[in-house]
Every structure is written in structure tokens, then in C-alpha cells.
Amino acid sequence: MSKICIIGLGYIGLPTAAILATRGHDIIGVDISEKARKDLVDGNPYPEEPGLYGLLEDARNSGRLSVSESPRTADVFMICVPTPFKADKKADLGYIVDACSSLVPHLKKGDLVILESTVPPTTTREVVCGAIEEAGFSVMEDVKVAFCPERVMPGKLVKELVENDRVIGGIDEASGLAAKEIYASFCTGRLFITDATTAEFVKLIENSFRDINIAFANELAIVSKDIGIDIWEAIELANMHPRVNIHKPGPGVGGHCIAVDPYFIIERANGKASFLSLARERNSQMPSYVIEQAEKLLGNLEGKNITLLGLAYKGNIGDSRESPALDIIALMKERGVNCSVFDPHVEEGTIPELAGLEDAVKDADLLIITTDHSAFGELDPEHIGALVKNKIIFDTRHFIDRDKWESVGWKVSVIGVGK
Ligand code: SAJ
């Protein structure tokens, strides 16, 4: 069992620290934020995740969990800090650089440094190994280094943390094997070893595959509406082909992974990643398409009351990072719309437009379903119909039961449906 210092107690670092503690490792959870450190020891994380409270309780009961503002001596250092992008859509590696500078004073010969944060290709070699060598160590001879991307899906985090297969990119063979040993202590999925830069690339192309596929579905939705067919029926039938798996259209791509990772390839591609850029562009334009459809339903939007059902970037989670709903709200405000939002999963006060269901829908000219939360399937169209001004709903997720709403007088419009 190892002494592991986990730097960054966010969405990935916090549960990883907890699970490693339950598997017999001694964990030092490091974060500059007092709240993040408290969340780990008090077991009070946000956003909500099934199974996370239980896992944190087990970690606390293990007695192997401690927190600190800065790294301490350990055998393994795991970097789980965010990699936001800058205004020019290039990765901001500032947190990784800071994490490396904070850990090198505590390094000793034989230690292992693992980077989990998603990064542009060659970052492990250039930034992490660079910082270690600058501190006077020889990477490979003195210190092992690996890149092991997280692959968990928000909403299934705890389950996928344990069960997913993992790709482990060693800077050399010994580094790959040492990192594999750490992951083998809590992963039941398969562990594949490759080199660090390939592992960085694998992480990015997984999410880019999804982004391109969603862009394809969004383009088909726009075309289908004009042709006068139902894209959802068409995709369902096409996906019956054994080698076809077209994703779903929607209001755009949110979250801090799929909407971001393709840019990390684009920035290293010397203008040769036109396909990835186009997919990003198509998906980023979907909020404008939603506004266009709202205009078709209502005419001039100025002064209209529009209610979004959903702020989270996808169903049944409380995470609104990069959510297309945020872009839709911004575009509506530019057009002078009075906008309100109801989301049962997102923390109150996240944006000023959030309100309870009845307040949010009161006097609405139009409702727009922006997130496929299960709770929206339970909405009572009759009750809501009595509160709104116009019984018009635009479903960007193909989620509500159209017949149920139409049977009580609602006009229902669905993205990609032209009939
Ligand atoms: N979306 C669509 N149509 C679809 C599927 C998704 O419009 O057919 C939208 C969703 O509504 C959401 C966005 O795309 O706004 C992204 O959602 P997602 O569920 O596809 O992905 P994430 O960002 O929650 O998680 C992804 C996962 N990657 C893959 O499935 C390849 C997860 O495994 C990664 O760990 C995560 O990114 C990450 O951290 O990179």
C-alpha cells in the first residue's frame, strides 16, 4: 500500500482520494480551497452523485484520509486539477504548472507522479517531466511519470470510477507498470498500458468522436425539419443497422469534457483539424438554432416571457458547466426576452433566472425543454397550462410525451421534427 498525495479535490480528485483510502492507501488530499478540503472530510460534495456520500463515509471511517493546503512527502503524487481553456480556446495549463511546482519540493527518488487532468498531447512530457527535471531529478531513473486520464461520466461517477477500463500512459515501461499497480488496487476494469502521449491523445479522441457524432445528429435534425420528416424516427431506424450508432440531436453540447477536449487537439494540429473545428462550430451554433425556432413559434421575441426547463447540461445531474441553456439565456436576453429557468437538480442561486416551477412558468409565452431530467417527464401539462399565457412548448430533447401534452391543448414542437 502506498502513501498517495492527491492534488486537486474536485470532481475527479475527491472521489479518487476517497476510493483509494477505502483500499488501504494513506491519502493526503490537497487543495488550495478550504471548501474542497472540507467537502472531502465532511462528506459534503456538490454536484450530487449517486453513491458518493456512502463512499466518502467509508473513506472517513477508514482513518486513512487527511487533508492539506499543500503537498507533503508521499510515494505517489496524483494531479487532478482542472484544465480550463482560455478565450482563444487554447488549454490553460496554469493549474498543472502550479501543481508541479508545489509537489517537486517533496519529491524523492523512487516516487511516481501521475497526471489525470485532460491535456493537449505532449503535456505530460513537456510540462510535468519538464518541472521534475528542472528540480534536479532524472525522469525515469529517479522519478516515474504517467498520464492516466479519468473516463467517468457525470451521473455515474462512482460506478464508472471502479468499473471502467483505463488507459495508462507511462513515460517509460517501468512508469506504466508502477501506475498500473495503483489503479489495480481499486479498478475492476481492464488496464491497458501505452506511452504517455498516446494516452493523452486517446482521451481527447474519445470525446471528439462523440462531439463529431453529435454534430452530425444536429445537422441531420436541422435538415430533417426542413424536409418535413422526423429525425428521431430516422435515427432509430438507421441505428438498427449493426454498424451504425448515430447520437442524439439537442440544444448543443455542454459539460467540461466534450465541449472542450476537441480544442486540445485543434491547438496542436497546425490548422489540419478542420473536421473537429466544424463539429465544434455546428454544436456551438445549436443555441442560436433554438432561438430561431422560438422566433418561428412566437414571432418577434422582444418582451416575451420564455421559460427554460433545465439548466444542467444533461439529464439528472446538477452540473451546468458549459451548458447550452446558458448560451440560450444569453441570446434571449440580447433579444429582450424575459427569461426564467426551472431546474430541480441545479443549486439555487446558480444564476438569477432560476426559480421554482410555478414561478418560472407563470405567464410564459413559450416553454423550452433544454434538459432531459426524468422529473420533466412527470410534469402535469394541465396544471402548467393553467399558469402559462400560451400553451406552446418546444422540446429540444425529444423527451416529453407529445400526445399527453397535445391532448390538453398544448402546441408541441420538437427539434428535428418537421411533421
Ligand atoms: N449529448 C447530445 N447528444 C448525444 C449525447 C450527448 O446532445 O447523443 C450532449 C449532452 O446533452 C451533453 C453533452 O452532449 O450536453 C455531453 O454529454 P455526455 O453524456 O455525452 O458526456 P459527458 O461530458 O457527461 O462525459 C464525457 C464522457 N465521454 C464519453 O462518453 C466518450 C465521459 O466518459 C468522460 O469521462 C467525460 O466526458 C470526460 O471527463 O471527458
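Side notes on the structure shown:
- Positive-end extreme of charge dipole, the chain - chosen from SER66, LEU56, ASN213 (charges on Cβ): ASN213
- Considering only Cα atoms, the convex hull volume of region 37-152 works out to 129 Å³ per residue.
- The radius of gyration of the Cα set in region 121-252, together with its Dmax, comes out at 20.2, 66 angstrom.
- Estimated vicinal HN-Hα couplings, Hz - region 187-201 in sequence order (Karplus 6.51, -1.76, 1.60; Gly, Pro = x): 9, 9, x, 6, 10, 9, 9, 9, 8, 4, 5, 4, 4, 4, 5
- Reachable aspartates and glutamates from LYS35, criterion Cα separation under 15 angstrom, eight or more residues apart if same chain: GLU69
- Selected from GLY43, ILE246, SER33, residue furthest toward positive end of dipole (the chain; charges at beta carbon): ILE246
- Rounded accessible area of ASP230 (nearest 10 Å², 1.4 Å probe): 30 Å²
- Solvent accessible area, Å² - SER185, 1.4 Å probe, full protein context: 30 Å²
- Average 1/r across all pairs of distinct alpha carbons in region 14-96, invert it, and you get the Kirkwood radius: 13.8 Å.
- Charge dipole (debye, nearest 20) of the chain; +1 at Cβ of Lys and Arg, -1 at Cβ of Asp and Glu: 520 debye
- Exposure rank, largest accessible area first [VAL145, VAL162; 1.4 Å]: VAL162, VAL145
- Tail fraction, Cα-Cα pairs, region 218-375, threshold 22 Å, whole percent: 49 percent
- Each principal axis of the Cα cloud of the chain was evaluated for its coordinate range; sorted largest first, these ranges are 71, 46, 40 Å.
- Potential lengthening of the chain between LYS35 and ARG402 amounts to 127.8 nm, from the contour at 0.36 nm per residue minus the alpha-carbon distance.
- Here the extension length gained between ASP380 and LYS362 equals 5.1 nm, from 0.36 nm per residue of separation less the Cα-Cα distance.
- For region 86-104 versus region 23-73, the gap between their alpha-carbon centres in whole angstrom: 23 Å
- With the whole protein complex present, VAL67 retains an accessible surface near 40 Å², based on a 1.4 Å probe.
- Accessible surface ranking for ARG321, ARG397, 1.4 angstrom probe, highest first: ARG321, ARG397.
- Going by accessible surface with a 1.4 Å probe and the largest first, SER320, SER374 read SER374, SER320.
- For region 153-275, the number of Lys pairs with C-alpha atoms closer than 26 Å, counting only pairs eight or more positions apart or on separate chains, is 10.
- Reachable lysines, given that their alpha-carbon falls under 23 Å from the alpha-carbon of LYS304 and they are not under 8 places away in the same chain: LYS296, LYS333, LYS362, LYS389, LYS391, LYS411
- Evaluated on region 258-336, the Kirkwood hydrodynamic radius is 14.4 Å, with distances taken between all distinct Cα atoms.
- Residue-span extension gain [LYS89 to MET153] - 0.36 nm each, minus C-alpha spacing: 20.8 nm
- Simple label model, 7 Å out from Cα along Cβ direction - GLU133 to ASN213, nm: 3.8 nm
- Dipole orientation for the chain: of the candidates ILE384, LEU276, VAL81, LEU276 has the Cα lying most toward the positive pole (charges on Cβ; Lys, Arg +1; Asp, Glu -1).
- Once the Cβ-Cβ distance of SER70 and THR198 is raised to the sixth power relative to R0 = 56 Å, the FRET efficiency obtained is 0.95.
- Region 136-231 - percent relative contact order, Cα under 8 Å, separation 6 or more: 25 percent
The values are calculated or read from the model by the stated rules, or taken from the named source; none is laboratory data. Quick caveat: nothing in here was measured; it's all calculated off a predicted structure. Glycine also receives a Cβ, built like all others from the backbone with ideal geometry; neighbour counts cover every protein chain displayed. Heads up: the accessible areas ignore ligands, DNA and RNA and are worked out on the full protein's heavy atoms, side chains in. Shrake-Rupley method; radii C 1.70, N 1.55, O 1.52, S 1.80 Å.
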